[in-house]
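Undergrad: Below is a structure I'd like to ask you about.
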Amino acid sequence: MSKQSEQKTVSQKMDELSELVAWFEGDEFELEQALETYSKAEKLAAEIEHDLTNLKNEITVLKEKFDA
Amino acid sequence: MASDQTPKFSVSDFIAVVNQSLEYSFGTVEIEGEVASFKVNQGKWVFFDLKDATGSVNCFMSLFQLRVPVEDGMKVVVRAVPKITAWGKFSLTIQSIRPSGEGSLKKSFELLKAKLDKEGLFSPERKRSLPEIPGHIAVISSTSAAGYADFVKILNDRWGGLKVDVAHVQVQGESAPEQMIRAISYFNQQEVLPEVLVIIRGGGSADDLAAFNDEPLVRAIASSRIPTIVGVGHEVDVSLADMVADRRAATPSNAAQIVVPDKKELTNMLGQLVHRVLARTDGIVDDFMKETKATLRQGWTMLDMRVDLLQSQLVTSRQVMAAYDPKAVLSRGYAIVRGEAMVGGEITIEQQKRIITAEVKNVEAI
C-alpha cells in the first residue's frame, strides 16, 4: 500500500474507485490502458476493504460543559 | 394596644421583609395548576393566573422565558419565586413553565407545531442531504443513556475510521434544551465543522421527551449550519426536533444506520464493482476479437473474389490467345504463304502438316 494512498480517507478512495469504474464504462475507455486501470481499481478495492476491516472509530467525549 | 415589641416598618421595608421571609421559607417552588387569563403585554411580558378548584395566584414572566406555547385551560407546572410586588400584590415570578399531563403536552406540541409549520421550518425544501460517507460527525446526547450506547454499538459495527466528537448533555429535564442548544452552538462555531450533527436520546415518557419539543431547541436545530439528524425515543415517538431535522431517525440505533453505510454491504458492493469492471473489459475484448475476425473474414472474401476475377480474366485471355494461334488457323485448313509474289518467283506454302515449295505462274490483282 503506498504512503499517499494510506493518507486518503475511505471516502476519497471510494470516489477514486468510482472514477476508475466510470472510466471503464465511459467513452474514454482504451483497451491498452484497461489492464493497468483494472489493476489499480482492484488494488484500491482491496485497500478499502482492508481499511473497513481494520479502522476503528475515534470517539471523543468533549471536556466542555454545556450546563449554564 | 400595640406593645413596644410590635415591629414597625415602612411599607417598602415591610414588603422587603415579607419577600425575604418568603425566600427563606420557599426559595424556588414548583406549582401545578391550570392557566387562566393568559396574556402577553408589549410583546415582552407574560401575565396569567394559575388556578385550581379553589385557589388562584397571579403569575408573571418574561416572554423569552416562555419556551413552549401556553394557552388558557392548559395544565402546567411552573417553577417560580413567590413575591409581593411593590404594589403589595402577591405574585409568582416564573422562571420556567412546562405543560403537565398528556393533554397539555399534546396541546402545547400542536400549537408549536402549527406555529413552526407556518414559518416553513418543516418544509421538505429546507432538508439538506447528509454525506454518504462522513469522516467527522458530532453527537449530542447523554453518554450514560442506553440510547447513546446503542448508537455507538451500531456505529462501530457498521463503520470505521470515523472521528466522533460527543457533547455530553442532559437529554431530559428543565436544563436539557438549553444544554443541547449550547452544544449545537459549540459545534457550529468550530473552525472545521463536523459533517453531520447527530442528536439522540432513547425512549421515555412523553414528559421525558418533552425537551425535544422546546421551541428554542427546535429553532437551534433548524438554524444549524451542520446538517442534522435527530433520533429520539422509539419509532412511534415524534418530536418537533425530529420534524425540523434534515433527517429523522426512528431511534438512536436507526440514526447510526443512517449516518454511516454498512461496511459489510460496501465490501460486497466493492466485489461487485470489480467484477463489473472485469466483465466490461472481457466484453470489450470479445467485441474487439469479433470485430477483428469479421474484418479478417471480409478480407478473405475480397481476396477470393479477386482471385476468381483474375482466373476468369486469364481464361478469357487464353481463349483470345487461342483464337489468334496460327497453328489453330492452319488446323482449320488455311495455309501460310511466304516468298515473293511475282511470276517466276519461289514461294513456300505452310499447311498444318506439310510445307510446299512452289513457283509463281501468274499474279493478278483482285
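Undergrad: Please give me, ordered by residue number, the trypsin sites (Lys or Arg not before Pro) of the range B:87-119 that lie in loop per DSSP and have at most 13 other Cβ atoms within 10 Å.
TA: Numbers: sites: B:Lys89, B:Lys106, B:Lys107, B:Lys113, B:Lys115, B:Lys118; in loops: B:Lys89.
Of the trypsin sites (Lys or Arg not before Pro), the ones in loops of the range B:87-119 whose Cβ has at most 13 other Cβ atoms within 10 Å are B:Lys89.
Undergrad: Going by how many other Cβ atoms sit within 10 Å of their own, how do A:Thr60, B:Thr281, B:Thr228, B:Thr348 line up, fewest first?
TA: Ordered from fewest to most neighbouring Cβ atoms within 10 Å, A:Thr60, B:Thr281, B:Thr228, B:Thr348 come out as A:Thr60, B:Thr348, B:Thr281, B:Thr228.
Undergrad: Please report, in cubic angstrom per residue, the volume enclosed by the convex hull of the alpha-carbon atoms of the range B:123-233.
TA: Once divided by residue count, the hull of the range B:123-233 is 105 Å³.
Undergrad: I've got another one for you. Taking Cα atoms, how many degrees apart are the long axis of helix B:11-25 and the longest axis of chain B, rounded to 10 and kept between 0 and 90?
TA: 60 degrees
Undergrad: For chain B, modelled as a Gaussian network with Cα springs under 10 Å, which listed residue fluctuates most, B:Val81, B:Val232, B:Val260?
TA: B:Val81
Undergrad: If I build a Gaussian network model for chain B, linking alpha-carbon pairs within less than 10 angstrom, which residue out of B:Glu346, B:Glu178, B:Glu71 has the largest mean-square fluctuation?
TA: Checking each option, the largest mean-square fluctuation is seen for B:Glu346.
Undergrad: Within 10 Å of each residue's Cβ, count the other Cβ atoms and sort B:Val78, A:Val10, B:Val17 from fewest upward. Provide the component values of the computation, followed by the final result.
TA: Details: B:Val78 24, A:Val10 21, B:Val17 13.
Ascending Cβ contact count within 10 Å gives the list B:Val17, A:Val10, B:Val78.
Undergrad: Still on this structure: Compute the long axis of helix B:101-118 from its Cα atoms, compare it with the longest principal axis of the Cα atoms of chain B, and write down the angle in degrees, 0 to 90, nearest 10.
TA: Around 50 degrees separate the two axes.
Undergrad: Under a 5 Å amide H to amide H cut-off, with H placed in plane at 1.01 Å, what residues pair with B:His234 once short-range neighbours are removed?
TA: B:Gly204
Undergrad: Please list the non-local residues whose amide H lies under 5 Å from the amide H of B:Asp207, H modeled 1.01 Å from N, same-chain partners needing a gap of 5 or more.
TA: none
Undergrad: Whole-Hz Karplus ³J(HN,Hα) for the range B:158-170, in order, using 6.51 cos²θ - 1.76 cosθ + 1.60 and θ = phi - 60°, x for Gly and Pro?
TA: 8, 8, x, x, 9, 8, 10, 9, 10, 9, 7, 9, 7
Undergrad: Please list, in order along the range A:30-36, the HN-Hα scalar couplings obtained from phi with the Karplus expression 6.51 cos²θ - 1.76 cosθ + 1.60 (θ = phi - 60°), rounded to whole Hz, x for Gly and Pro.
TA: So the Karplus estimates, Gly and Pro as x, are 9, 4, 4, 8, 4, 5, 4 Hz.
Undergrad: Please list, ordered by chain and number, the residues whose modelled amide H lies under 5 Å from the amide H of B:His168; skip anything fewer than 5 residues away on the same chain.
TA: Sorted by chain and number, the residues that satisfy this are A:Leu62.
Undergrad: To continue, here is another question. Just to check I understand the Karplus step: with θ = phi - 60° and J = 6.51 cos²θ - 1.76 cosθ + 1.60, what whole-Hz values come out for the range B:239-249, glycine and proline as x?
TA: Listing the rounded values in order: 10, 5, 4, 4, 5, 8, 5, 5, 9, 9, 10 Hz.
Undergrad: Considering only DSSP beta bridges with both partners in the protein assembly as shown, what is the antiparallel share in %, to the nearest 5?
TA: Numbers: 37 of 62 bridges.
In the protein assembly as shown, approximately 60 percent of DSSP beta bridges are antiparallel ones.
Undergrad: How about the range A:27-68: which trypsin sites (Lys or Arg not before Pro) there are in a DSSP loop, with at most 10 other Cβ atoms within 10 Å of their Cβ? Could the numbers behind the result be given before it?
TA: On the way: sites: A:Lys40, A:Lys43, A:Lys56, A:Lys63, A:Lys65; in loops: A:Lys56, A:Lys63, A:Lys65.
Listed in order of number, the matching sites are A:Lys56, A:Lys63.
Undergrad: So, one more: Label-point separation (nm) for B:Val315 and B:Met342, each offset 7 Å from Cα along Cα-to-Cβ?
TA: 5.2 nm
Undergrad: Normalised by the number of residues in chain B, what is the relative contact order in percent for Cα pairs under 8 Å and 6+ residues apart? Intermediate results must be reported in sequence, preceding the final value.
TA: On the way: 576 pairs, mean separation 38.1, N = 366.
Once normalised by length, the contact order is 10 percent.
Undergrad: With a cap of 16 neighbouring Cβ atoms within 10 Å, and only residues DSSP puts in a loop, list the trypsin sites (Lys or Arg not before Pro) found in the range B:17-65. Mind dumping the intermediate values first?
TA: Numbers: sites: B:Lys39, B:Lys44, B:Lys51; in loops: B:Lys44.
Of the trypsin sites (Lys or Arg not before Pro), the ones in loops of the range B:17-65 whose Cβ has at most 16 other Cβ atoms within 10 Å are B:Lys44.
Undergrad: Here is a follow-up. For chain B, compute the orientation-averaged projected area of the C-alpha convex hull (one quarter of its surface), in nm². Write out the running numbers ahead of the final one.
TA: On the way: hull surface 185.1 nm².
Average of the hull's projected areas for chain B equals 46.3 nm².
Undergrad: Just B:Ala206, B:Ala114, B:Ala245 to compare: in a GNM of chain B, with alpha carbon springs under 10 Å, which one fluctuates most?
TA: With Cα springs under 10 Å in chain B, the top fluctuation among B:Ala206, B:Ala114, B:Ala245 is at B:Ala114.
Here, each number is a calculation from the coordinates, and none is a lab measurement. All values reported here derive from a predicted model rather than from experimental measurement. Ideal geometry is used to build each Cβ from the backbone, glycine not excepted, and the neighbour counts take in all protein chains shown.
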